[in-house]
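Values in this text are rule-based calculations from the coordinates and carry no lab data. Keep in mind the model is a prediction, meaning the values are calculated, not measured. Every residue, glycine among them, receives a Cβ derived from its backbone with ideal geometry; neighbour counts consider all protein chains shown.
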Amino acid sequence: MDEQRSVTIPIGDAQLPADLTLPARPVGVVLFAHGSGSSRHSPRNVAVARTLNDSGLGTVLADLLTPAEDEVDARTAELRFDIGLLASRLAGIVDWLAVERPAGDVPIGLFGASTGAAAALVAASSRADRVAAVVSRGGRPDLAGNALPQVRTPTLLLVGGLDEEVITLNERALAELGEVGELRVIPGATHLFEEPGTLEQVADQAGTWFTTYLGR
């Protein structure tokens with residue numbers, strides 16, 4: 001039976017709520033970075049997290065903005081594109097996982113969706129010693145900018161086959177990532193992977209990627 005609990009993670013002046021799920025003996029723990037205007041309750045990320053739990057991985061679904069910041073962002077939509085802020089919060093949670101070890105002494109992975117993928121890559125570039133794998137779902141890795149060539153972490157980019165503009169952006173990012181990156185296209189999927197079976201493909205491929213690189 002998986003252990004499930006809610007925690008509050010202190011990052012600088014912010015107190016970030018998070019949902020932690022841990023199998024009995026996790027082979028690794030995956031921290032989720034949600035996309036534009038979403039939260040730790042994102043049904044797509046929750047569904048992916050359940051598949052990862054079934055694969056023996058712990059998961060952390062965290063809000064990267066405080067409730068007050070969330071209210072501002074709901075009006076202005078400005079903070080969801082503040083990749084520097086989101087990446088610093090993610091890096092802080094990575095440090096918390098490494099020091100507090102709620103999942104034990106296990107490798108850490110990052111799963112980012114939309115703008116969260118850019119934040120995950122920036123965080124991975126600054127925490128290469130602690131982040132062992134990254135997966136991007138329908139992500140905007142291009143928004144990671146100058147951090148992309150600095151990433152040394154195995155990174156899987158998953159994009160919907162019908163999400164043509166984002167495919168192009170991911171192809172450009174892949175060129176910057178070099179040999180640590182791999183791009184896979186899910187046939188028949190749009191940006192949110194709402195088509196039957198497409199999100200399940202994302203979850204299965206992410207599970208294989210993380211167990212491969214975190215289970216070593």
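Go through 111-119, 196-204 and give me the packing order, highest mean Cβ count within 10 Å leading. Let's see the in-between values first.
Values: 111-119: 28.9, 196-204: 16.9.
Ranked by mean Cβ neighbours within 10 Å, highest first: 111-119, 196-204.
Rank Ala77, Val30, Ala62 by how far each Cα sits towards the positive end of the charge dipole of region 1-94 (+1 on Lys, Arg Cβ; -1 on Asp, Glu Cβ) and give me just the farthest.
Checked the options; the winner is Val30.
Show me the three semi-axes of the equivalent ellipsoid for region 1-81, from the C-alpha gyration tensor (sqrt of 5 times each eigenvalue), largest first, rounded to whole Å. If you can, show how the numbers build up before the last one.
Details: eigenvalues 131, 38, 15 Å².
They are 26, 14, 9 Å, listed largest first.
Separation between the Gln205 and Asp129 pseudo-spin-labels, each 7 Å from Cα along Cα→Cβ, expressed in nm?
Using points 7 Å along Cα→Cβ, the separation is 3.3 nm.
As a test of the formula, what do you get for the chain when each DSSP H run with n ≥ 4 contributes -39,500 (n - 2.57) and the sum is divided by the residue count, at 222 nm and rounded to the nearest 500 deg cm²/dmol? Let's see the in-between values first.
Values: 6 runs with 83 residues, N = 216.
Calculated from helices alone, the mean residue ellipticity at 222 nm is -12500 deg cm²/dmol.
When the Karplus curve 6.51 cos²θ - 1.76 cosθ + 1.60 is applied with θ = phi - 60°, which whole-Hz ³J(HN,Hα) does each residue of region 109-114 get, with x for Gly and Pro?
x, 10, 10, x, 10, 6
For the chain, modelled as a GNM with alpha-carbon contacts under 10 angstrom, which of Val180, Val99, Val135 fluctuates the most?
Residue with maximal mean-square fluctuation among Val180, Val99, Val135: Val99.
Can you tell me which of 76-85, 124-133 comes out highest on packing, and rank the rest after it, using the mean Cβ neighbours within 10 Å? Mind dumping the intermediate values first?
Working: 76-85: 15.1, 124-133: 20.2.
Top to bottom by mean Cβ count within 10 Å: 124-133, 76-85.
Mind jotting down the three principal axis lengths of region 125-177 based on Cα atoms? Whole angstrom, largest first.
That works out to 35, 19, 14 Å along the principal axes.
What is the Cα radius of gyration of region 58-216 over 2.2 N^0.38 Å, N being its residue count? Spell out each step's value before the answer.
Values: Rg = 15.2 Å, N = 159, 2.2 N^0.38 = 15.1 Å.
That works out to 1.00 for region 58-216.
Report the charge-dipole magnitude of the chain in Debye, nearest 20, computed about the Cα centre from +1 at each Lys and Arg Cβ and -1 at each Asp and Glu Cβ. Can you show the working numbers first?
Numbers: 17 positive and 28 negative charges, 101 e Å.
Magnitude of the dipole: close to 480 debye.
Any idea which of Ala87, Ala147, Ser125 is furthest toward the positive side of the dipole for the chain, if Lys and Arg beta-carbons carry +1 and Asp and Glu beta-carbons -1?
Projecting each Cα onto the dipole axis, the largest value belongs to Ser125.
Where does each of 46-52, 138-144 land if you order them by average Cβ count within 10 Å, highest first?
Numbers: 46-52: 19.7, 138-144: 25.1.
The peptides rank, most packed first, as 138-144, 46-52.
Over the chain, what is the mean sequence separation of C-alpha contacts under 8 Å (at least six apart), divided by residue count, expressed as relative contact order in percent?
Numbers: 474 pairs, mean separation 40.3, N = 216.
Relative contact order comes out at 19 percent.
What size of dipole, in debye to the nearest 20, comes out for region 1-114 about its Cα centre when the only charges are +1 on Lys and Arg C-beta atoms and -1 on Asp and Glu C-beta atoms? Each step should come with its number before you reach the end.
Values: 9 positive and 15 negative charges, 70 e Å.
Computed about the Cα centre, the dipole is about 340 debye.
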